[in-house]
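Novice: Please see the structure below; I have some questions.
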Amino acid sequence: MAHEPIHSNHAPNPVGAYSQAIKAGPTVYLSGQIPLDPATGKLVEGSFEQQLSRVFDNLEAVTEQAGGALEHIVKLNVYLTDLANYPKVNSVMETYFETPFPARAVVQVVALPMGVPVEIDGIMVLDLTDYSY
């Protein structure tokens with residue numbers, strides 16, 4: 001199966017050897033996003049919630065470039081350096097997603113790139129209408 005790299009100018013450029021996303025058939029594998037401002041390439045300053053909103057905005061830009069939307073995300077992996085931020089993740093997520101929410105894992109890690117407190121990656125399926133449940 002052929003796969004296609006996805007790149008959005010409205011999301012930060014990768015800070016390593018990876019693509020923002022890879023599309024394989026109707027499935028899009030979204031690389032981890034951190035709170036980088038795509039316009040400046042710098043970390044977003046402010047509260048955890050402001051940083052988390054930037055992460056979701058970055059994910060949204062990549063999903064749209066791939067021909068989808070946040071509502072097409074079926075799985076998210078959230079990496080936190082402090083699990084005390086778990087309730088904040090739920091609160092901010094509710095402003096970006098509606099039920100049914102994507103499947104999700106939240107994992108505490110020792111450190112993340114550039115010293116950020118959060119990184120999120122995911123899986124998106126572009127045409128959910130082709131599948132019967």
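The values are calculated or read from the model by the stated rules, or taken from the named source; none is laboratory data. Worth saying up front: this structure is predicted, and the values here are computed from it rather than measured. Don't worry about glycine lacking a Cβ; one is built from the backbone with ideal geometry, like all the others, and counts go over all protein chains shown. Quick note on the areas: whole protein, heavy atoms, side chains included, nothing else; ligands and nucleic acids left out. Shrake-Rupley method; radii C 1.70, N 1.55, O 1.52, S 1.80 Å.
Novice: As a test of the formula, what do you get for the chain when each DSSP H run with n ≥ 4 contributes -39,500 (n - 2.57) and the sum is divided by the residue count, at 222 nm and rounded to the nearest 500 deg cm²/dmol? The partial results should precede the final answer.
Specialist: Working: 2 runs with 29 residues, N = 133.
My calculation for the chain gives -7000 deg cm²/dmol from helical runs alone.
Novice: Charges on Cβ only, +1 for Lys and Arg, -1 for Asp and Glu, centred on the Cα centroid of the stretch 44-89; of 51, 65, 85, which one is farthest towards the dipole's positive end?
Specialist: 85
Novice: Right, something else. Give the range of the longest stretch in the chain that excludes all GluC sites (Glu not before Pro) found in loop regions by DSSP and having at most 16 other beta-carbon atoms within 10 Å. Each step should come with its number before you reach the end.
Specialist: On the way: sites that count: 45, 98.
Here the longest run is 46-97.
Novice: Nothing charged except the Cβ atoms of Lys and Arg (+1) and of Asp and Glu (-1): what's the magnitude of the dipole of the chain about its Cα centre? Round to the nearest 20 debye.
Specialist: Details: 6 positive and 15 negative charges, 61 e Å.
With only Lys, Arg, Asp and Glu charged at Cβ, the dipole is about 300 debye.
Novice: Consider all pairwise Cα distances in the stretch 34-133 and report the whole-number % of them above 19 Å. Let's see the in-between values first.
Specialist: Numbers: 2041 of 4950 pairs.
Here the long-distance tail beyond 19 Å is 41 percent of all Cα pairs in the stretch 34-133.
Novice: Charges at C-beta only: +1 for Lys and Arg, -1 for Asp and Glu. How large is the resulting dipole of the stretch 35-85 about its Cα centre, in Debye rounded to 20?
Specialist: Numbers: 3 positive and 8 negative charges, 31 e Å.
Approximately 140 debye in magnitude.
Novice: Once neighbouring chains are kept in place and the probe is 1.4 Å, which whole percent of the accessible area of the chain is contributed by carbon and sulfur? Could the numbers behind the result be given before it?
Specialist: On the way: 3750 of 7250 Å².
The nonpolar share, carbon plus sulfur, comes to 52 percent.
Novice: Tell me, what is the percent relative contact order of the stretch 10-121, built from C-alpha pairs under 8 Å that lie six or more residues apart?
Specialist: On the way: 164 pairs, mean separation 33.0, N = 112.
Relative contact order of the stretch 10-121: 29 percent.
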